[in-house]
1. Quick check: from the Cα gyration tensor, does segment 2-193 come out rounded (a/c under 1.5), prolate or oblate?
2. With each pseudo-label sitting 7 Å past Cα toward Cβ, what's the Thr253-Ser285 distance in nm, one decimal?
3. Among rounded, prolate and oblate, which fits the chain when a ≥ b ≥ c are the square roots of the eigenvalues of its C-alpha gyration tensor, a/c under 1.5 means rounded, and a/b larger than b/c means prolate?
4. Sorting check: for 185-197, 76-88, which peptide has the highest mean count of neighbouring beta carbons within 10 Å, and how do the rest follow?
5. Hey, can you rank 266-277, 245-256 by average C-beta count inside 10 Å, highest first?
6. Select from the chain the helices, each a whole stretch of DSSP H, whose alpha-carbon atoms run 18 Å or more along the helix axis and whose Kyte-Doolittle mean is at least -1.0; answer none if there are none.
7. Treating only the Cβ of Lys, Arg, Asp and Glu as charged (+1, +1, -1, -1), what charge dipole size does the chain show about its Cα centre? Round to the nearest 20 debye.
8. GNM, the chain, Cα, under 10 Å: largest mean-square fluctuation among Met215, Met59, Met243?
Amino acid sequence: MSEFFPDESQFDPADNAEIDLVQTWPDGFRAGFVAIVGRPNAGKSTLTNAMVGQKVAIMSDRPETTRRAIRGVVHREDGQIVLVDTPGLHRPRTLLGERLNEMVNETLADVDLVVVCLPADEKIGPGDRFVTERAFETNRPVIAAITKRDRVDRGTLTEKLIAVDQMGEWAAIIPTSGTRGTQVDDLVTLLLEHLSESPPLYPASAVSDESDEAMIAEYVREAALEGVRDELPHSIAVVVEEMNEKPRKGGGTTLFIYASMYVERESQKSIVIGRRGERLRRIGSEARAQIEERLGRPVYLDLHVKVAKDWQRDPKKLGRLGF
Ligand SMILES: Nc1nc2c(ncn2[C@@H]2O[C@H](COP(=O)(O)OP(=O)(O)OP(=O)(O)O)[C@@H](O)[C@H]2O)c(=O)[nH]1
Ligand SMILES: [Mg+2]
């Protein structure tokens, strides 16, 4: 057993009750940062959540759902993996798109290992080759995860494995299904094998480094993405403006959350709100259910839809929306 304990000389013994940094780990423990990359919609966030065993990143069938590098921590007795789920690497059409790609490149510059997600049910395209090249340029080991394997038969999977094998010098190739959990533990084992011995990087209780506010905004956006088409998914951004506690009748408190949902045009606003506000109400109740589950307490969610004209192309507005 190795042990980490803060240098006692720095502490007054009376403060010992404050120390919550004691961590021990077995010999041979491994830890490191792993980037999860791939083109939009490849199944990166679904795979990340499956490995973490908890939802740290929102998922949707709309491309470019993930807009930040989201860290999720996998804890095992023999190691700890900090997964960094990234936005889908793509040919940018807006300033937002450029910033998302920059986030992927920054993540790639800073990890120990890279996983490239390649969906089993789609042919390898220029987008996949582009991401794969970026991954190999890191000079780190690169593992290919063939995602969504539940969507194809054995024959198709075999063809895919052969095609992927020819793309480069992979450290390993593994077919997975994030939704079914197929080979997800095997992927974790594989990742640990390619990481070096290291003390844990995060406390044993850490699952994600996302703040509650950031996660709340993401849950709202996820609910809003459902059922919208064309350019609208890209145009939606959500910001939590304010959160405060108010006493509840009969004791306890309710958390009041005030969030704004931004779209780029007036016409999009009416689509998001829906007939007689029906759609907005559905978004609100879906998001609220998820927020309550995450926070383990009742919340009141106040959602406003606002227009920030062409925010995806406007540096100032992007800044205000956190990009
Ligand atoms: N059947 C099946 N569907 C999957 C699997 N993994 C992901 N999906 C679906 O594929 C879509 C995209 O999944 P995400 O995990 O959001 O993809 P992503 O790569 O994170 O996408 P971006 O963040 O937009 O780049 C969603 O509708 C998922 O439900 C899988 O293993 N099996
Ligand atoms: Mg994603």
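The values are calculated or read from the model by the stated rules, or taken from the named source; none is laboratory data. All of these numbers come straight from a predicted model, not from anything done at the bench. Cβ sites come from the backbone with ideal geometry, for glycine too, and all protein chains shown count toward neighbours. Areas reflect the complete protein model, heavy atoms only, side chains present, ligands, DNA and RNA absent. Shrake-Rupley method; radii C 1.70, N 1.55, O 1.52, S 1.80 Å.
1. It comes out prolate by the Cα gyration axes.
2. Here the modelled spin labels are 2.8 nm apart.
3. oblate
4. Put in order of decreasing packing, that is 76-88, 185-197.
5. Ranking, from highest mean packing down: 266-277, 245-256.
6. 95-108, 212-225
7. 2220 debye
8. So, out of Met215, Met59, Met243, the one fluctuating most is Met243.
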